[in-house]
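Worksheet: the structure to be examined is printed underneath.
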Amino acid sequence: NAGVTQTPKFQVLKTGQSMTLQCAQDMNHEYMSWYRQDPGMGLRLIHYSVGAGITDQGEVPNGYNVSRSTTEDFPLRLLSAAPSQTSVYFCASTPVYGGGNGGYTFGSGTRLTVV
Amino acid sequence: SQQGEEDPQALSIQEGENATMNCSYKTSINNLQWYRQNSGRGLVHLILIRSNEREKHSGRLRVTLDTSKKSSSLLITASRAADTASYFCANDYKLSFGAGTTVTVRA
């Protein structure tokens, strides 16, 4: 049981490049979300999904796109990378919105640097 | 704006001492959760307390919730070096996080 798997673990992009951060979970969780973590800012919600085919914006969605074609996968796309998107990105999942009894399961993160 | 705020921002204690940190939130909640993050790692769920609960225990962790004050506290008893980490509270409103409390346990 792998939990939440994020790839890649590290990435360096040039300004203007696009890329997709992958997130996959094998727990059949309906709810998945993406966060970015910057020093002193805690975690900020980018996008979330309450099930396949349903996505919505979080606190800081600009510059990012998501889709949820399957229950297992929730990729995050950077459309045109900017230095302000340098951050650590976390994907999380849970069986039900709000965390249920066991809270959210987080991936190990992707460290992205935009130069 | 973030929905949760932890206090203090940083805490340094001696091994064996207790660590207490607080969390305030702005919206109504169904539950409040606490997570731990070790340096460079993902967040790990510690404990969840529901809005109709006032106190909950799990091992060396004790969480309280005061919905009238929109606040919660996390107590770690008999701290160990392995408790050195950042601790975050999150409410179930889109699972919003505060900036966390960084706890350092000195040997």
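Summary table
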{"item": "Those strands (runs of 3 or more DSSP E) lying entirely in the range B:30-86 with at least 1 residues open to solvent by 40 Å² or more (accessible area, probe 1.4 Å)", "result": "B:31-37, B:43-50, B:55-58, B:61-66"}
{"item": "Residues within the range B:83-107 that are at pLDDT 95 or above and hydrophobic (A, V, I, L, M, F, W, C), tallied", "result": "3"}
{"item": "Failed criterion for A:Asn101 (all others in (1) in a strand (DSSP E or B); (2) at pLDDT below 95; (3) open to solvent by 30 Å² or more (accessible area, probe 1.4 Å); (4) not charged (D, E, K, R) hold)", "result": "(1)"}
{"item": "Residues satisfying the stated conditions in the range A:1-42, i.e. part of a strand (DSSP E or B), open to solvent by 40 Å² or more (accessible area, probe 1.4 Å) and away from every other protein chain (no Cβ under 13 Å)", "result": "A:Thr7, A:Gln11, A:Val12, A:Thr20, A:Gln22"}
{"item": "So A:Gly107, is it under 23 Å from B:Gly40 (Cα atoms), in contact (Cβ under 8 Å) with a residue 60 or more places away in the chain and buried (at least 23 other Cβ atoms within 10 Å of the Cβ)", "result": "yes"}
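Per-residue answers, yes or no, for (1) of a type in the set (D, E, K, R); (2) under 18 Å from A:Gly99 (Cβ atoms); (3) touching a strand residue (DSSP E or B) at 6+ places or on another chain (Cβ under 7 Å):
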site: A:Asn28; (1), (2), (3): no, yes, no
site: A:Met32; (1), (2), (3): no, yes, yes
site: A:Gln37; (1), (2), (3): no, no, yes
site: A:Leu45; (1), (2), (3): no, yes, yes
site: A:Gly51; (1), (2), (3): no, yes, no
site: A:Thr55; (1), (2), (3): no, no, yes
site: A:Pro61; (1), (2), (3): no, no, yes
site: A:Tyr64; (1), (2), (3): no, no, yes
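The values are calculated or read from the model by the stated rules, or taken from the named source; none is laboratory data. Here the structure is a predicted model, which means the values were calculated and not measured. Heads up, the Cβs are rebuilt from the backbone with ideal geometry, glycines too, and the neighbour counts pull from every protein chain shown. Just the protein is used for accessible areas: all its heavy atoms, side chains included, with ligands, DNA and RNA removed. Shrake-Rupley method; radii C 1.70, N 1.55, O 1.52, S 1.80 Å.
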